[in-house]
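Enquirer: For reference, the structure I am asking about is given below.
The values are calculated or read from the model by the stated rules, or taken from the named source; none is laboratory data. Bear in mind that the values here come from a model prediction, so they are computed numbers and not experimental data. We place every Cβ from the backbone using ideal geometry, glycine too, and count neighbours over all the protein chains shown. What goes into the accessible areas is simple: the full protein's heavy atoms, side chains included, and nothing from ligands, DNA or RNA. Shrake-Rupley method; radii C 1.70, N 1.55, O 1.52, S 1.80 Å.
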Number of protein chains: 2
Amino acid sequence: MKSSLTLEQQICFQLYTASKELTRLYRPILAPLNLTYSQYLVMLVLWEEDNIDMKQLGDRLTLDSGTLSPLVKRLMQLDYVEKIRATDDERRVVLSLTPVGSALREQAEEVPLKVSGMLNIDEATYVAYMEMLIDIKARLRDFREREG
Amino acid sequence: MKSSLTLEQQICFQLYTASKELTRLYRPILAPLNLTYSQYLVMLVLWEEDNIDMKQLGDRLTLDSGTLSPLVKRLMQLDYVEKIRATDDERRVVLSLTPVGSALREQAEEVPLKVSGMLNIDEATYVAYMEMLIDIKARLRDFREREG
DNA sequence: TATAATTAGATTGTGCACAACTTAATCGTC
DNA sequence: GACGATTAAGTTGTGCACAATCTAATTATA
(Lines give C-alpha, C1' and ligand atoms only; values in the text may rest on other atoms or scores of the structure.)
Protein backbone atom coordinates (compact mmCIF):
# COMPACT_ATOMS: atom_id res chain seq x y z
CA MET A 1 0.00 0.00 0.00
CA LYS A 2 0.88 3.70 -0.30
CA SER A 3 3.82 3.41 -2.58
CA SER A 4 3.46 6.94 -3.94
CA LEU A 5 6.44 9.21 -3.43
CA THR A 6 4.23 12.30 -3.19
CA LEU A 7 5.13 14.45 -0.24
CA GLU A 8 1.63 15.13 0.98
CA GLN A 9 0.66 11.47 0.87
CA GLN A 10 3.32 10.37 3.31
CA ILE A 11 2.29 10.13 6.91
CA CYS A 12 5.80 11.05 8.00
CA PHE A 13 5.47 14.43 6.35
CA GLN A 14 2.07 15.12 7.91
CA LEU A 15 3.36 14.15 11.35
CA TYR A 16 6.49 16.21 10.91
CA THR A 17 4.70 19.39 9.86
CA ALA A 18 1.83 18.95 12.34
CA SER A 19 4.33 18.63 15.17
CA LYS A 20 6.32 21.64 14.01
CA GLU A 21 3.21 23.79 13.64
CA LEU A 22 1.82 22.79 17.01
CA THR A 23 5.15 23.64 18.60
CA ARG A 24 5.00 27.00 16.87
CA LEU A 25 1.62 27.59 18.51
CA TYR A 26 3.20 27.05 21.92
CA ARG A 27 6.05 29.49 21.37
CA PRO A 28 4.19 32.74 22.10
CA ILE A 29 2.31 31.08 24.98
CA LEU A 30 5.51 29.89 26.62
CA ALA A 31 7.53 33.03 25.96
CA PRO A 32 6.18 34.84 29.07
CA LEU A 33 7.35 31.86 31.14
CA ASN A 34 10.81 32.11 29.59
CA LEU A 35 10.54 28.51 28.41
CA THR A 36 11.14 26.81 25.10
CA TYR A 37 8.86 23.96 24.18
CA SER A 38 11.34 21.28 25.27
CA GLN A 39 12.08 23.07 28.51
CA TYR A 40 8.34 23.19 29.14
CA LEU A 41 8.16 19.41 28.75
CA VAL A 42 10.90 19.02 31.33
CA MET A 43 9.05 21.32 33.72
CA LEU A 44 5.84 19.32 33.15
CA VAL A 45 7.64 16.18 34.26
CA LEU A 46 9.03 17.89 37.36
CA TRP A 47 5.71 19.46 38.33
CA GLU A 48 4.24 16.00 38.12
CA GLU A 49 7.07 14.26 39.94
CA ASP A 50 9.75 16.29 41.68
CA ASN A 51 13.19 14.92 42.62
CA ILE A 52 13.83 12.60 39.72
CA ASP A 53 17.19 11.88 38.15
CA MET A 54 18.35 12.60 34.61
CA LYS A 55 17.83 8.99 33.58
CA GLN A 56 14.18 8.93 34.63
CA LEU A 57 13.61 12.28 32.98
CA GLY A 58 15.13 11.03 29.75
CA ASP A 59 12.94 7.92 29.84
CA ARG A 60 9.79 10.01 30.19
CA LEU A 61 10.69 12.30 27.32
CA THR A 62 12.68 9.83 25.19
CA LEU A 63 15.66 12.15 25.27
CA ASP A 64 19.24 11.24 26.06
CA SER A 65 21.80 13.00 28.23
CA GLY A 66 23.28 14.74 25.20
CA THR A 67 20.05 16.70 24.86
CA LEU A 68 19.08 16.97 28.51
CA SER A 69 22.38 18.00 30.08
CA PRO A 70 22.63 21.40 28.34
CA LEU A 71 18.86 21.91 28.50
CA VAL A 72 18.79 21.41 32.27
CA LYS A 73 21.81 23.69 32.59
CA ARG A 74 19.71 26.45 31.04
CA LEU A 75 16.84 25.73 33.44
CA MET A 76 19.33 26.07 36.28
CA GLN A 77 20.48 29.42 34.95
CA LEU A 78 16.82 30.49 35.06
CA ASP A 79 16.75 29.28 38.70
CA TYR A 80 13.83 26.96 37.92
CA VAL A 81 15.67 23.75 38.79
CA GLU A 82 18.60 22.51 40.83
CA LYS A 83 20.80 19.44 40.71
CA ILE A 84 21.91 17.41 43.71
CA ARG A 85 24.11 14.37 43.47
CA ALA A 86 22.42 11.36 45.05
CA THR A 87 24.13 9.94 48.13
CA ASP A 88 22.99 6.33 47.71
CA ASP A 89 24.30 6.08 44.15
CA GLU A 90 26.81 8.75 43.28
CA ARG A 91 26.32 8.33 39.55
CA ARG A 92 22.81 9.68 39.85
CA VAL A 93 21.98 13.38 39.80
CA VAL A 94 18.62 14.31 41.25
CA LEU A 95 16.70 17.24 39.79
CA SER A 96 14.41 19.29 41.97
CA LEU A 97 12.33 22.39 41.55
CA THR A 98 13.47 25.64 43.10
CA PRO A 99 10.80 27.84 44.71
CA VAL A 100 10.78 29.88 41.51
CA GLY A 101 10.29 26.76 39.39
CA SER A 102 7.55 25.53 41.69
CA ALA A 103 5.76 28.83 41.63
CA LEU A 104 5.83 28.89 37.83
CA ARG A 105 3.41 25.99 37.80
CA GLU A 106 0.51 28.28 38.56
CA GLN A 107 1.12 30.29 35.38
CA ALA A 108 1.65 27.08 33.43
CA GLU A 109 -1.74 25.73 34.46
CA GLU A 110 -3.29 28.00 31.88
CA VAL A 111 -1.21 26.70 28.99
CA PRO A 112 -3.24 23.58 28.07
CA LEU A 113 -6.46 25.56 28.26
CA LYS A 114 -5.11 28.24 25.98
CA VAL A 115 -3.86 25.65 23.51
CA SER A 116 -7.08 23.67 23.28
CA GLY A 117 -8.94 26.94 22.93
CA MET A 118 -6.72 27.87 20.01
CA LEU A 119 -7.14 24.44 18.46
CA ASN A 120 -10.89 24.85 18.89
CA ILE A 121 -11.35 21.13 19.41
CA ASP A 122 -14.04 19.26 21.33
CA GLU A 123 -13.24 16.73 24.01
CA ALA A 124 -14.23 13.65 22.01
CA THR A 125 -12.13 14.59 19.01
CA TYR A 126 -9.23 15.48 21.25
CA VAL A 127 -9.34 12.08 22.92
CA ALA A 128 -9.69 10.27 19.60
CA TYR A 129 -6.64 12.09 18.23
CA MET A 130 -4.62 11.31 21.32
CA GLU A 131 -5.47 7.64 20.91
CA MET A 132 -4.40 7.66 17.28
CA LEU A 133 -1.05 9.16 18.14
CA ILE A 134 -0.54 6.70 20.95
CA ASP A 135 -1.44 3.91 18.53
CA ILE A 136 1.13 5.10 16.00
CA LYS A 137 3.75 5.00 18.72
CA ALA A 138 2.59 1.54 19.78
CA ARG A 139 3.04 0.31 16.21
CA LEU A 140 6.52 1.77 16.11
CA ARG A 141 7.34 0.12 19.42
CA ASP A 142 5.94 -3.19 18.18
CA PHE A 143 8.19 -3.05 15.18
CA ARG A 144 11.26 -2.24 17.25
CA GLU A 145 10.51 -5.11 19.59
CA ARG A 146 9.83 -7.44 16.66
CA GLU A 147 13.09 -6.82 14.86
CA GLY A 148 14.82 -3.63 15.97
CA MET B 1 -11.46 21.08 28.60
CA LYS B 2 -8.19 19.23 29.18
CA SER B 3 -6.74 21.43 31.84
CA SER B 4 -4.54 18.70 33.31
CA LEU B 5 -0.83 19.39 33.30
CA THR B 6 0.01 15.71 32.95
CA LEU B 7 2.56 15.10 30.24
CA GLU B 8 0.91 12.11 28.62
CA GLN B 9 -2.45 13.85 28.43
CA GLN B 10 -1.19 16.66 26.28
CA ILE B 11 -1.65 16.24 22.57
CA CYS B 12 1.48 18.28 21.93
CA PHE B 13 3.57 15.69 23.74
CA GLN B 14 2.03 12.80 21.83
CA LEU B 15 2.60 14.57 18.52
CA TYR B 16 6.13 15.50 19.46
CA THR B 17 7.16 11.99 20.48
CA ALA B 18 5.28 10.28 17.63
CA SER B 19 7.05 12.52 15.13
CA LYS B 20 10.44 11.89 16.70
CA GLU B 21 9.93 8.14 16.80
CA LEU B 22 8.70 7.96 13.22
CA THR B 23 11.73 9.95 12.12
CA ARG B 24 13.89 7.49 13.99
CA LEU B 25 12.28 4.69 11.98
CA TYR B 26 13.37 6.41 8.76
CA ARG B 27 16.98 6.83 9.81
CA PRO B 28 18.25 3.32 9.01
CA ILE B 29 16.12 3.22 5.84
CA LEU B 30 17.57 6.49 4.56
CA ALA B 31 21.14 5.81 5.64
CA PRO B 32 21.98 3.79 2.48
CA LEU B 33 20.81 6.76 0.40
CA ASN B 34 23.09 9.05 2.40
CA LEU B 35 20.12 11.22 3.34
CA THR B 36 18.85 12.62 6.60
CA TYR B 37 15.12 12.80 7.06
CA SER B 38 14.92 16.49 6.15
CA GLN B 39 17.13 16.02 3.14
CA TYR B 40 14.81 13.21 2.05
CA LEU B 41 11.87 15.61 2.21
CA VAL B 42 13.71 18.04 -0.05
CA MET B 43 14.47 15.26 -2.50
CA LEU B 44 10.81 14.21 -2.45
CA VAL B 45 9.82 17.70 -3.51
CA LEU B 46 12.39 17.76 -6.31
CA TRP B 47 11.45 14.32 -7.62
CA GLU B 48 7.90 15.55 -7.77
CA GLU B 49 8.73 18.90 -9.33
CA ASP B 50 12.22 19.60 -10.60
CA ASN B 51 13.62 23.11 -11.15
CA ILE B 52 11.99 24.99 -8.32
CA ASP B 53 13.50 27.86 -6.40
CA MET B 54 14.34 28.04 -2.69
CA LYS B 55 11.20 30.02 -1.96
CA GLN B 56 8.85 27.43 -3.47
CA LEU B 57 10.75 24.66 -1.71
CA GLY B 58 10.44 26.46 1.60
CA ASP B 59 6.71 26.94 1.06
CA ARG B 60 6.18 23.23 0.44
CA LEU B 61 8.12 22.19 3.54
CA THR B 62 7.35 25.21 5.75
CA LEU B 63 11.06 25.83 6.19
CA ASP B 64 12.87 29.13 5.83
CA SER B 65 16.14 29.93 4.11
CA GLY B 66 18.00 29.70 7.39
CA THR B 67 17.26 25.98 7.43
CA LEU B 68 17.28 25.30 3.70
CA SER B 69 20.44 27.11 2.62
CA PRO B 70 22.86 24.92 4.57
CA LEU B 71 20.76 21.80 3.96
CA VAL B 72 20.83 22.30 0.19
CA LYS B 73 24.55 23.01 0.39
CA ARG B 74 24.99 19.50 1.79
CA LEU B 75 22.86 18.01 -0.99
CA MET B 76 25.13 19.79 -3.47
CA GLN B 77 28.19 18.29 -1.82
CA LEU B 78 26.58 14.88 -2.35
CA ASP B 79 26.07 15.85 -6.02
CA TYR B 80 22.33 15.23 -5.75
CA VAL B 81 21.29 18.78 -6.56
CA GLU B 82 22.58 21.90 -8.26
CA LYS B 83 21.77 25.57 -8.03
CA ILE B 84 21.41 27.91 -10.98
CA ARG B 85 20.66 31.60 -10.63
CA ALA B 86 17.52 32.49 -12.58
CA THR B 87 18.03 34.92 -15.46
CA ASP B 88 14.59 36.51 -15.42
CA ASP B 89 14.82 37.43 -11.72
CA GLU B 90 18.34 37.39 -10.38
CA ARG B 91 17.21 37.10 -6.79
CA ARG B 92 15.86 33.61 -7.47
CA VAL B 93 18.02 30.50 -7.33
CA VAL B 94 16.64 27.47 -9.15
CA LEU B 95 17.33 24.00 -7.78
CA SER B 96 17.60 21.05 -10.12
CA LEU B 97 18.42 17.39 -9.80
CA THR B 98 21.76 16.13 -11.03
CA PRO B 99 21.82 12.77 -12.84
CA VAL B 100 22.91 11.20 -9.54
CA GLY B 101 20.03 12.82 -7.67
CA SER B 102 17.59 11.77 -10.37
CA ALA B 103 18.82 8.19 -10.35
CA LEU B 104 18.43 8.01 -6.58
CA ARG B 105 14.70 8.16 -7.03
CA GLU B 106 14.55 4.54 -8.00
CA GLN B 107 16.03 3.46 -4.68
CA ALA B 108 13.78 5.89 -2.84
CA GLU B 109 10.66 4.37 -4.36
CA GLU B 110 11.01 1.54 -1.87
CA VAL B 111 11.07 3.78 1.19
CA PRO B 112 7.31 4.32 1.66
CA LEU B 113 6.67 0.60 1.19
CA LYS B 114 9.25 -0.33 3.77
CA VAL B 115 7.87 2.20 6.23
CA SER B 116 4.25 1.11 5.96
CA GLY B 117 5.39 -2.47 6.26
CA MET B 118 7.20 -1.61 9.46
CA LEU B 119 4.18 0.28 10.77
CA ASN B 120 2.07 -2.76 9.92
CA ILE B 121 -0.94 -0.59 9.17
CA ASP B 122 -3.89 -1.18 6.88
CA GLU B 123 -4.96 1.29 4.22
CA ALA B 124 -8.10 2.49 6.00
CA THR B 125 -6.30 3.23 9.25
CA TYR B 126 -3.49 4.93 7.37
CA VAL B 127 -5.95 7.20 5.61
CA ALA B 128 -7.77 7.97 8.87
CA TYR B 129 -4.50 8.93 10.53
CA MET B 130 -3.51 11.14 7.62
CA GLU B 131 -6.86 12.90 7.85
CA MET B 132 -6.40 13.48 11.57
CA LEU B 133 -3.03 15.10 11.03
CA ILE B 134 -4.32 17.22 8.18
CA ASP B 135 -7.24 18.26 10.37
CA ILE B 136 -4.93 19.28 13.23
CA LYS B 137 -2.98 21.43 10.80
CA ALA B 138 -6.20 22.92 9.44
CA ARG B 139 -7.24 23.90 12.97
CA LEU B 140 -3.86 25.50 13.54
CA ARG B 141 -4.16 27.39 10.27
CA ASP B 142 -7.70 28.48 11.14
CA PHE B 143 -6.46 29.90 14.40
CA ARG B 144 -3.60 31.77 12.76
CA GLU B 145 -5.96 33.26 10.20
CA ARG B 146 -8.47 34.13 12.91
CA GLU B 147 -6.06 36.05 15.11
CA GLY B 148 -2.43 35.20 14.46
C1' DT C 1 12.80 58.49 -12.80
C1' DA C 2 14.41 58.70 -8.22
C1' DT C 3 13.50 56.40 -4.07
C1' DA C 4 10.95 53.83 -0.76
C1' DA C 5 9.09 49.24 0.10
C1' DT C 6 9.24 44.53 -0.82
C1' DT C 7 11.29 40.18 -1.94
C1' DA C 8 14.82 36.12 -2.47
C1' DG C 9 18.40 34.19 -0.53
C1' DA C 10 22.31 33.92 2.67
C1' DT C 11 24.44 34.47 7.26
C1' DT C 12 24.69 34.53 12.32
C1' DG C 13 23.34 33.02 16.71
C1' DT C 14 20.60 30.05 19.88
C1' DG C 15 18.66 25.84 21.14
C1' DC C 16 17.18 21.07 20.25
C1' DA C 17 18.16 15.97 18.80
C1' DC C 18 21.18 12.40 18.55
C1' DA C 19 25.39 9.50 17.71
C1' DA C 20 29.81 8.51 19.56
C1' DC C 21 32.81 8.84 23.15
C1' DT C 22 34.63 9.72 28.07
C1' DT C 23 34.62 9.38 33.06
C1' DA C 24 33.33 7.69 37.27
C1' DA C 25 30.46 4.74 40.08
C1' DT C 26 28.22 0.41 40.75
C1' DC C 27 27.24 -4.44 40.00
C1' DG C 28 28.16 -9.33 38.93
C1' DT C 29 30.99 -13.17 39.01
C1' DC C 30 34.62 -15.52 40.31
C1' DG D 1 38.17 -8.78 47.47
C1' DA D 2 39.55 -8.27 42.43
C1' DC D 3 38.12 -7.20 38.03
C1' DG D 4 35.41 -7.08 33.85
C1' DA D 5 30.76 -5.45 32.48
C1' DT D 6 27.26 -2.23 33.01
C1' DT D 7 25.26 2.17 34.10
C1' DA D 8 24.56 7.50 34.85
C1' DA D 9 25.86 11.63 33.38
C1' DG D 10 28.57 14.67 30.68
C1' DT D 11 31.13 16.22 26.33
C1' DT D 12 31.92 16.70 21.39
C1' DG D 13 30.46 16.99 16.80
C1' DT D 14 26.85 17.15 13.14
C1' DG D 15 22.62 18.59 11.42
C1' DC D 16 18.02 20.65 11.85
C1' DA D 17 14.69 24.73 13.15
C1' DC D 18 14.02 29.36 13.54
C1' DA D 19 14.59 34.38 14.77
C1' DA D 20 17.05 38.35 13.41
C1' DT D 21 19.83 40.63 10.33
C1' DC D 22 22.16 41.63 5.79
C1' DT D 23 22.66 42.19 0.75
C1' DA D 24 21.14 42.62 -3.67
C1' DA D 25 17.41 42.65 -6.98
C1' DT D 26 12.85 43.94 -8.09
C1' DT D 27 8.55 46.45 -7.73
C1' DA D 28 5.66 50.32 -6.38
C1' DT D 29 4.87 55.01 -5.85
C1' DA D 30 5.65 59.70 -5.34
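Enquirer: Can you tell me which residue is farthest from DNA strand D (Cβ to nearest atom) among those in segment B:82-141 that are more than 9 Å from every other protein chain (Cβ to nearest Cβ) and in contact (Cβ under 8 Å) with a residue 60 or more places away in the chain?
Expert: B:K114
Enquirer: Determine, yes or no, whether A:L5 is under 30 Å from B:V45 (Cβ atoms) and open to solvent by 10 Å² or more (accessible area, probe 1.4 Å).
Expert: Here the answer is yes, as A:L5 does meet what is asked.
Enquirer: Let me ask you something else. In segment A:68-81, which residue that is free of Cβ contacts under 8 Å to residues at least 12 places away in the same chain and open to solvent by less than 80 Å² (accessible area, probe 1.4 Å) is nearest to B:C12 (Cα to Cα)?
Expert: A:P70
Enquirer: Return only the number of the condition from (1) among the acidic types (D, E); (2) under 22 Å from A:K137 (Cβ atoms); (3) open to solvent by 30 Å² or more (accessible area, probe 1.4 Å) that A:E90 does not satisfy.
Expert: With (1) among the acidic types (D, E); (2) under 22 Å from A:K137 (Cβ atoms); (3) open to solvent by 30 Å² or more (accessible area, probe 1.4 Å) applied to A:E90, the lone miss is (2).
Enquirer: Among the residues of segment B:82-140, write down those that are farther than 30 Å from B:C12 by Cβ, assigned to a helix (DSSP H, G or I) and polar (S, T, N, Q).
Expert: Scanning segment B:82-140 gives B:S102, B:Q107.
Enquirer: Among the residues of segment B:27-46 satisfying the criterion of being within 11 Å of DNA strand C (Cβ to nearest atom) and part of a helix (DSSP H, G or I), which is surrounded by the most Cβ atoms within 10 Å (Cβ to Cβ)?
Expert: Top of the filtered list is B:Y37.
Enquirer: If you don't mind, there's one more thing I want to ask. Which residue pairs have Cβ atoms under 6 Å apart, sit 6 or more places apart or on different chains, and have a first residue in segment A:20-49 that is closer than 25 Å to B:L133 by Cβ and more than 12 Å from DNA strand D (Cβ to nearest atom) and a second that is open to solvent by 60 Å² or more (accessible area, probe 1.4 Å) and at pLDDT below 95?
Expert: From residues that are closer than 25 Å to B:L133 by Cβ and more than 12 Å from DNA strand D (Cβ to nearest atom), the pairs are A:I29/A:K114.
Enquirer: Please go through segment B:50-67 and give me each residue that is assigned to a helix (DSSP H, G or I), more than 8 Å from DNA strand D (Cβ to nearest atom) and either open to solvent by less than 60 Å² (accessible area, probe 1.4 Å) or within 14 Å of chain A (Cβ to nearest Cβ) (or both), ordered by number.
Expert: If the condition is that a residue be assigned to a helix (DSSP H, G or I), more than 8 Å from DNA strand D (Cβ to nearest atom) and either open to solvent by less than 60 Å² (accessible area, probe 1.4 Å) or within 14 Å of chain A (Cβ to nearest Cβ) (or both), then B:M54, B:Q56, B:L57, B:G58, B:D59, B:R60 are the ones that fit.
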